[in-house]
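Presented below is the structure to which this report refers.
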Amino acid sequence: MSDERYWLTTPTGRRPLPRTLAPDSLAPTARTRTLVRAYGYLDVLDLSDGLPDPVPIILKGLVHAASEAELSRRLDQMAADARSATLLDREHRNPTALIGGSLVASAYKSNTRFALVTLTLTPAKVPDPASLSPDFF
């Protein structure tokens, strides 16, 4: 894993995400085909537009803090940042426009200073399949 960091841009500024967060999928570019045929005919037509399906960007990881109260504050701030996020970027990569997101945190074993975090971000557009240099999240 690279030492690069993910950043969220919100109306209040650019915020770093914990380095422990990693993408759940590297390039969400699946395409759903819309196949049809006329009644009584064997020929199949594909009516899909060929663009990737809209899917969220999911980052997962273990987040920790010095105390339970500090972890709670950190998770609250991350959730607020996700809701108002307008861009996701990573050092040396093109930013991805967002229309918000959400955060789900669950307990890690019985330690109250650690949480398993799933950050789900909604991109504003699907990736361009014709791009010569696709950016992986």
Checklist line | Cα Rg over Rh - segment 1-70, Kirkwood | finding: 1.27
Notebook entry, point to check: When you count, for each residue, the other Cβ atoms within 10 Å and take the mean per peptide, how do 14-23, 64-73 rank with the highest first?
Noted result: 14-23, 64-73
Notebook entry, point to check: Got a number for carbon plus sulfur as a percent of the chain's accessible area, 1.4 Å probe?
Noted result: 56
Margin query: Taking amide H atoms as placed 1.01 Å from N in the peptide plane, list the residues 5 or more away in sequence, or in a different chain, whose amide H sits under 5 Å from that of LEU87.
Written below: THR9, LEU98
Note to self: Could you derive backbone 3J(HN,Hα) for segment 37-53 from the dihedral phi with the Karplus parameters 6.51, -1.76 and 1.60 (θ = phi - 60°), listing whole Hz in sequence and x where the residue is Gly or Pro?
What the structure shows: 8, 6, 4, x, 10, 8, 5, 10, 10, 9, 9, 6, 8, x, 7, x, 5
Notebook entry, point to check: Three principal axis extents, largest first, for the C-alpha atoms of the chain, in Å?
Noted result: 68, 33, 28
Notebook entry, point to check: For the residue pair ALA69 and LEU87, what label-to-label distance in nm results when each label sits 7 Å from Cα along the Cα-to-beta-carbon direction?
Noted result: 3.6
Check: Can you tell me the accessible area per residue over the chain, all protein chains present, probe 1.4 angstrom, in square angstrom?
Finding: 65
Check: LYS125 to VAL44: FRET efficiency via 1/(1 + (r/R0)^6), r the Cβ-Cβ distance, R0 30 Å, to the nearest 0.05?
Finding: 0.55
Next item on the list: Using a 10 angstrom cutoff on alpha carbons, build the Gaussian network for the chain and name the most mobile of THR96, THR112, THR86.
Entry: THR112
Check: Can you run phi through the Karplus equation (6.51, -1.76, 1.60; θ = phi - 60°) for segment 74-81 and list ³J(HN,Hα) in whole Hz, with x for Gly and Pro?
Finding: 5, 5, 4, 5, 5, 5, 5, 4
Next item on the list: May I ask you to compute the full-extension gain from ALA22 to LEU116, defined as 0.36 nm times their residue separation minus their alpha-carbon distance, rounded to one decimal in nm?
Entry: 32.7 nm
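The values are calculated or read from the model by the stated rules, or taken from the named source; none is laboratory data. Since this is a predicted model, take the numbers as computed values, not measurements. For neighbour counting, all protein chains shown are included, and Cβ atoms are generated from backbone atoms with ideal geometry for every residue, glycine included. These area figures cover heavy atoms from the full protein model, side chains too; ligands, DNA and RNA do not enter into them. Shrake-Rupley method; radii C 1.70, N 1.55, O 1.52, S 1.80 Å.
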